[in-house]
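Engineer: I'd like to ask some things about the structure below.
The values are calculated or read from the model by the stated rules, or taken from the named source; none is laboratory data. Quick caveat, the model's predicted, so the values are computed rather than measured. Neighbour counts run over all protein chains shown; Cβ positions are idealised from the backbone, glycine included.
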């Protein structure tokens, strides 16, 4: 049986983010209804969910805002970066997203991949490889 020892849980990713960036938790209601609907749709249909959760009422989102501070300058000083950077984690499906490409790549790498992902070259493994490439090429 393949091991998941290389894969961080959503909680561990939240801890990773808290150590790396100056963040504050925000509410889903701070965003538009359209944004909330998009998050629900994406979390329910993400590959990590694989159809396990089909009801959006079961989703548990945790949203964070990266404060515009010196600590977060590597994200805010990117040309064309948004003036408000967020990260969203969904606790049940493992879905995560950020509107900062650099941070999205870093989160994907930090999450890691399982032995199964590596052995079978899953979409999760390919996303991991692509994230490393994007960061190395500074494609953000």
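Engineer: Residue under question is residue 66, and the condition is that it be without any contact (Cβ under 8 Å) to a residue 60 or more places away in the chain and within 15 Å of residue 16 (Cβ to Cβ); does it hold?
Structural biologist: yes
Engineer: Exactly one of these conditions fails for residue 74: (1) in contact with a strand residue (DSSP E or B) (Cβ under 9 Å, 6 or more places away or on another chain); (2) surrounded by 14 or more Cβ atoms within 10 Å (Cβ to Cβ); (3) in contact (Cβ under 8 Å) with a residue 12 or more places away in the chain; (4) under 18 Å from residue 100 (Cβ atoms). Give me its number.
Structural biologist: Checking residue 74 against (1) in contact with a strand residue (DSSP E or B) (Cβ under 9 Å, 6 or more places away or on another chain); (2) surrounded by 14 or more Cβ atoms within 10 Å (Cβ to Cβ); (3) in contact (Cβ under 8 Å) with a residue 12 or more places away in the chain; (4) under 18 Å from residue 100 (Cβ atoms), the one that fails is (1).
Conditions tested, residue by residue: (1) more than 30 Å from residue 115 (Cβ to Cβ); (2) touching a residue at least 24 places away in the same chain (Cβ under 8 Å); (3) surrounded by fewer than 14 Cβ atoms within 10 Å (Cβ to Cβ); (4) within 16 Å of the chain's Cα centre (by Cα).
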| position | (1), (2), (3), (4) |
| --- | --- |
| 10 | no, yes, no, yes |
| 23 | yes, yes, no, yes |
| 27 | yes, yes, yes, no |
| 34 | yes, no, yes, no |
| 37 | yes, no, yes, no |
| 43 | no, yes, no, yes |
| 48 | no, yes, no, yes |
| 52 | no, yes, yes, no |
| 55 | yes, no, yes, no |
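Engineer: Filter segment 119-140 down to the residues that are outside any helix (DSSP H, G or I), under 12 Å from residue 101 (Cα atoms) and in contact with a helix residue (DSSP H, G or I) (Cβ under 8 Å, 6 or more places away or on another chain), then identify the one that is modelled with the highest pLDDT.
Structural biologist: Of everything passing the filter in segment 119-140, 139 is modelled with the highest pLDDT.
Engineer: Of everything in segment 38-70, what is under 14 Å from residue 97 (Cβ atoms) and in a helix (DSSP H, G or I)? Give them in sequence order.
Structural biologist: 38, 39, 40, 41, 42, 43, 44, 45
Engineer: Then there is this: Of all residues in segment 123-137, count the ones that are more than 13 Å from residue 6 (Cα to Cα) and within 18 Å of the chain's Cα centre (by Cα).
Structural biologist: 10
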